[in-house]
1. Across segment A:268-289, what is the total count of residues that are over 30 Å from the mean Cα position of the chain (by Cα) and not in a helix (DSSP H, G or I)?
2. Of everything in segment A:48-69 that's more than 11 Å from chain B (Cβ to nearest Cβ) and of a type in the set (D, E, K, R), which residue is farthest from A:I5 (Cα to Cα)?
3. Residue check, A:G31 against (1) small (G, A, S); (2) within 14 Å of chain B (Cβ to nearest Cβ); (3) under 24 Å from the mean Cα position of the chain (by Cα); (4) assigned to a loop (DSSP other than H, G, I, E, B), all met but one. Which one?
4. List the residue pairs whose Cβ atoms are under 6 Å apart, where the first residue sits in segment A:233-252 and is under 14 Å from A:N265 (Cα atoms), the second is acidic (D, E), and the two are 6 or more positions apart or on different chains.
5. Within the set of pairs 6+ apart or on separate chains, which have a first residue in segment B:107-130 that is surrounded by 15 or more Cβ atoms within 10 Å (Cβ to Cβ), a second that is in a strand (DSSP E or B) and modelled with pLDDT under 60, and C-beta atoms under 7 Å apart?
6. Is it the case that some residue within segment B:256-268 is without any contact (Cβ under 8 Å) to a residue 60 or more places away in the chain, in contact with a helix residue (DSSP H, G or I) (Cβ under 9 Å, 6 or more places away or on another chain) and surrounded by 24 or more Cβ atoms within 10 Å (Cβ to Cβ)?
7. Return the only residue of A:L144, A:L101, A:L110 being touching an Asp or Glu at 6+ places or on another chain (Cβ under 8 Å) and either crowded, with 20+ Cβ neighbours inside 10 Å or facing chain B (nearest Cβ under 8 Å) (or both).
8. Condition check: under 19 Å from the mean Cα position of the chain (by Cα), at pLDDT below 75 and away from every other protein chain (no Cβ under 14 Å). Does B:P48 satisfy that?
Amino acid sequence: MTDSIVELSNVTKRFGDFTAVDGLSFALTRGNILGFLGPNGAGKTTTLRMMLGILPPDQGSIRVLGQSIARVRARIGYLPEERGLYKRMRADAAIAYIGTLKGMRRSEALARARKLLEGFGLEKFARVRIEGLSKGMAQKVQILSAVVHDPEFVILDEPFSGLDPVNQTELEAFIRRLAAEGKTILFSTHTMQHAERLCDRLVILAGGRKLFEGTLDQARALLPRRARLAADADLSFLRTVPGVARVMPAATGQPFWTIDLEEGNDGRALLAAAFERSVPLTHFDVAPPGLHDVFVSLVGPTSEALPA
Amino acid sequence: MRRTFLIARQEFIKYVTRRGFVISILMFPLWIMLVALVPQWTGGGNEPRYHHFTVVDRTGGAYRQAIEAAVDRKYHGAANARLTFGAPPAYIAAAAGAQFPAAVRHALGEASAPVFNAPTLDAVIVVPGDFGVNGKAAAEIWSRETLDGDFHAFIADALTQMLRFKSVQKLAPQLKDPAVLSATALVQARNPDRAANSNSTVDSIIPIALAIILFVVSVMNASVLLQGVVEEKSTRMIEVLLSCATPREITTGKLVGVIAVALTTLIIWGLVLLAMAGIASHDTVALVFTSLRAVATPGLLPLLLVYFLCGLLIYGSLFLAIGSMANSLADAQSLLGPSMLILMLPNLMIAGVMRDPNGTLASTLSWVPIYTPFFMMLRAASNPPAWQLWGTLSLAIATTALMVVWTGRVFARHVLTTERPPSLGALFGGLLGRRA
């Protein structure tokens, strides 16, 4: 028995002459957190809608929880990008309403809604209308309504939007807890730090096509390691050091020279070269490229699609 | 089915807990009350305004006496009589031709109130010398302001009565009292299939009221439905709903919710109006109950309910489809305008249809699919031919089914898009089965 929760196979979606999603394939295994990344208009929302059964694909197939989507609708949780709540509903009723639509009994849904609100420290606001909540509180209520029915697969579209750093940390912990309970989570985001901290796997889209699928380490491996050095001297001599791919002088007002290293090079040769020339360094570090750099290099205006 | 019910329940709660719902529930009976009471406050039903007039009768005086007698008969010399008269000033009676308007101007102007607290002359009635001769029967009312129609009608009635009396008196000289000609005949419409004392006009009260309420409730609730969908689109709530239920379940749930709101409105209005009628007079309550008894038959009541529900569903579907195509309230307003004009059209035809409920106009309009429920409710108590009843009933049900299916399609196709609303051609194509 396969442990794939979601399988997209060569999925294409067109709106008239515009191809929103073009031959997309990927799979997501149980208990994993998948980051779904891409610039605006990449086809993320269209893909999410197809996974929810809101839009049918023009080509290809989608299987969720091993079945067609219509059969498993009640086992999926969904958080849209903006606040999808009735403003005049009370917080507990809003959460319970989605629970009942997903098959729960009303009393059961209401009890669970109150318990979830308590878990987020919102028990005092259970009977407050959504229009009376702050943006962050409403976002939490929205998230709780996506999981009230204890779904196996949760789709979160920009879940951190509207939350302050403290609440973002709280939500990160909540998402990790859901994954630890065995739930499978797919979330789309523009904030790379969240994806770096949370995701087991990443899918990066642009122009409706998949540019990357893999782990965070695999994504980082797409770009060379990068060293940052600071000194009161000219460091351009480092170009001659074996294993150096590129040397970028410090930008005006910035102390750091940036050195791209070739694969397999850990930067110790840079330290040795500086020592040989008696150049005292005030700063030295070598770090793998951030997801932000990978993302920009993949989908930025000068990008070239790298093999996944 | 359960999800449809849950969505319907949510829609019902959403609408009935709005301030606007409570206001509209109160507004309609208030409006009816104003329609009934304002004429009484402003002078009462068919009563003329206060007038002090004089009659210049150039035929010798019989017509002046007839008018004065009619005033006496109406007010019996009461101090608060709305109509009072005086003898014409001599200079008016003497004036003729081009001098007459100047004489009237003088009489209606500075010379009209010579004594403090005396009534002001505001009309001069002129009966020409040849009035009643060789079929001529044109009198004149001279005044500086436009007078009310009730005063005109009163004078015309008095003159007509005397005119007829004079004609009859030539044949029967023994007749002395013109009042014998004032009797009017009352013709009541009866139906051998109904109770012996039933009256077709009274029997039609409830069906006509239902037809009008159908229009008011449809416009009121369906526009709220439209706004609700536009709001759900803008907050992405619609996406959450679509992740829980199919487009068909959502549209059906919304329509069922609207029907529940409409029926609630209908019941509340019915009770409030009945209470108001009870306060007004026991006769009015009796009249309403007579009409209710006529309608509450196994043949008519289910029919009226089916037409009412079909009408609600047709108009609700239309507004729901518009809401799902609109990206903003401004978009919705631009689509709403033409739709409202289409919906309002039957209201302009009510008088024509009710004049002859089984005539060509009424029969023809009953076969226009989106108007069928409205016109058939108007006609239901008038015993239309059975083939029309069954035919239009089938048409109404078929139209309702088609509209609900079409709305589901339009909703599924457009509710998540932000593209421009489709053209009319594309929409009609959708109605015929092509993709809208």
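1. Qualifying residue count, segment A:268-289: 8.
2. For segment A:48-69, the residue satisfying everything is A:D58.
3. (2)
4. Pairs that qualify, where the first residue is under 14 Å from A:N265 (Cα atoms) and the partner is acidic (D, E), are A:G243/A:E262; A:A245/A:D260; A:A245/A:E262; A:R246/A:D260.
5. Correct list of pairs: empty, since none qualify.
6. Yes, segment B:256-268 contains at least one residue that is without any contact (Cβ under 8 Å) to a residue 60 or more places away in the chain, in contact with a helix residue (DSSP H, G or I) (Cβ under 9 Å, 6 or more places away or on another chain) and surrounded by 24 or more Cβ atoms within 10 Å (Cβ to Cβ).
7. Result of the check over A:L144, A:L101, A:L110: A:L110.
8. Criteria not met by B:P48.
The values are calculated or read from the model by the stated rules, or taken from the named source; none is laboratory data. Predicted model only: the values in this text are computed from it and were never measured. Every residue, glycine among them, receives a Cβ derived from its backbone with ideal geometry; neighbour counts consider all protein chains shown.
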